[in-house]
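Only the coordinates and a few stated rules stand behind these numbers; no lab work does. Note that the structure is predicted; figures quoted are calculated from it, not measured. Here Cβ is always computed from backbone atoms with ideal geometry, including for glycine, and neighbour counts include all displayed protein chains.
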Ligand code: UDP
Ligand code: MG
């Protein structure tokens, strides 16, 4: 029996690219149904993540019997938009696929993902073959990030982002993770079950801008490591780093003074100890602060997303 598929697309200020990608998405989806790869009960769900352009007007007017739409009350972020789409339809489908609406991830790979699901996999990861469409900068920072995650012992799949298939069991396992700071690509490799990878070439965004400028990307990566942070505490960390750098400069300066004989006995060692330990304590406090900030946010147990409107067919 063909599987009931839910295809989830998070959309944030995507009105520019939607008219271009929608026909491609619908064509592909209708073909999957016609070729009996997926059941007629399959659906597409667009999640408007609090866009401030006319994304909602566009998706709420789509006249297709298989298109659902969710409007979040404000911008909760990519990960929570995915969560909203998945959680709303839990247990109503056999398989769920999430992908970016800009179709940078190759939609044609869905067929392979479904094949892998039928072979008994609960999770199928879409993995980028290479990073040739990335800037050198993004390539290098991404590589550094994966290395760092590895070093810190976080299970993560190299070159996999949020293009993945999960079955209903994997979805329910994932929904047992209640943290408000979500980093899906690190959660799924932790839930166990059977998984595999399919490879694809990532394309360039054809219209509109990336919603992940460098600063946001950095923040997302940091979140992946600590799960969350509180800004004032982060400032302490920055100050710690700053004073460490100053202390290193001062150590060099003090060393020169020592060599020149401009010091009295004992002065050098005292000044170095004060400077170095002052800086490193502040640095350490900053890191601890990051985790306290995370606990602070998690204990509030605030809703992870709020749904303003749903269109369900
Ligand atoms: N997105 C979202 N909420 C946000 C930011 C992004 O729902 O706050 C969506 C966006 O519309 C897109 C996907 O997440 O479908 C990935 O964003 P983008 O293509 O800008 O990221 P990039 O491909 O540049 O990493
Ligand atoms: Mg993109």
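Put the Cα centre of region 237-313 next to the Cα centre of region 73-117 and the gap is 39 Å. Calculation over all alpha carbon pairs of region 209-303 in 10 angstrom steps from 0 returns a P(r) of 15, 31, 24, 16, 11, 3, 0 percent.
Protection proxy ranking for 142-149, 161-168, 12-19, 82-89, using the average of other Cβ atoms within 10 Å per residue and placing the highest first: 161-168, 82-89, 12-19, 142-149.
Taking every alpha-carbon pair under 8 Å whose residues sit at least 6 apart, the chain reaches a relative contact order of 22 percent. Take every pair of alpha-carbon atoms less than 8 Å apart whose residues are at least six positions apart; their mean separation over the length of region 164-313 yields a relative contact order of 33 percent. Once the chain from residue 258 to residue 270 is taken as fully extended at 0.36 nm per residue, the excess over their C-alpha distance is 3.1 nm.
Of the residues 124, 154, the one with the fewest other Cβ atoms within 10 Å heads the list, and the complete ranking is 154, 124.
P(r) tail for region 1-159: Cα pairs beyond 24 Å make up 41% of the total. List residues of region 90-110, by number, whose backbone nitrogen lies under 17 Å from a label position 7 Å along Cα→C-beta of residue 133. Residues 98-110 qualify, since their backbone N sits under 17 Å from the label point. Legend: ranking of residues 8, 241, 236 from fewest to most surrounding C-beta atoms inside 10 Å; resulting order 241, 236, 8. Here residue 299 and residue 53 are evaluated by their C-beta separation; at R0 = 45 Å the FRET efficiency comes out at 0.80.
For the options 96, 212, 66, a Gaussian network treatment of the chain with springs between C-alpha atoms closer than 10 Å singles out 212 as fluctuating the most. Of the beta bridges in the chain, as assigned by DSSP with both residues counted there, near 35 percent are antiparallel.
Projected over all directions and averaged, the alpha-carbon convex hull of region 138-271 occupies 13.6 nm².
Suppose R0 equals 30 Å; then what is the FRET efficiency for residue 277 and residue 176 from their Cβ-Cβ distance, rounded to the nearest 0.05? Plugging the Cβ-Cβ distance into 1/(1 + (r/R0)^6) gives 0.10.
Take every Cα pair under 8 Å whose residues are at least 6 apart in sequence, average their separation, divide by the length of region 150-202, and the relative contact order is 47 percent.
I need the shape label for the chain. Rule: rounded when a/c is under 1.5, else prolate if a/b > b/c, else oblate, with a, b, c from the alpha carbon gyration tensor. Verdict is prolate for the chain. Each listed q (0.20, 0.31, 0.32 Å⁻¹) maps to a log10 I(q)/I(0) for region 263-313, found by the Debye formula over equal Cα scatterers with no solvent: -0.81, -1.06, -1.08. In region 80-159, the convex hull through the Cα atoms has an average projected area of 7.0 nm², a quarter of its surface area.
By the Cα gyration tensor, region 130-210 has an equivalent ellipsoid whose semi-axes, rounded to whole angstrom, run 25, 17, 13 from largest to smallest. Fewest-first ordering of 130, 49 by other beta carbons within 10 Å of each residue's beta carbon gives 130, 49.
Taking every DSSP helix (H) stretch of at least 4 residues in the chain, weighting each as -39,500 (n - 2.57) and dividing the sum by the residue count yields a mean residue ellipticity at 222 nm of -15500 deg cm²/dmol.
The calculated P(r) of region 167-229, using every Cα pair and 10 Å bins from 0, goes 16, 35, 37, 12 in percent.
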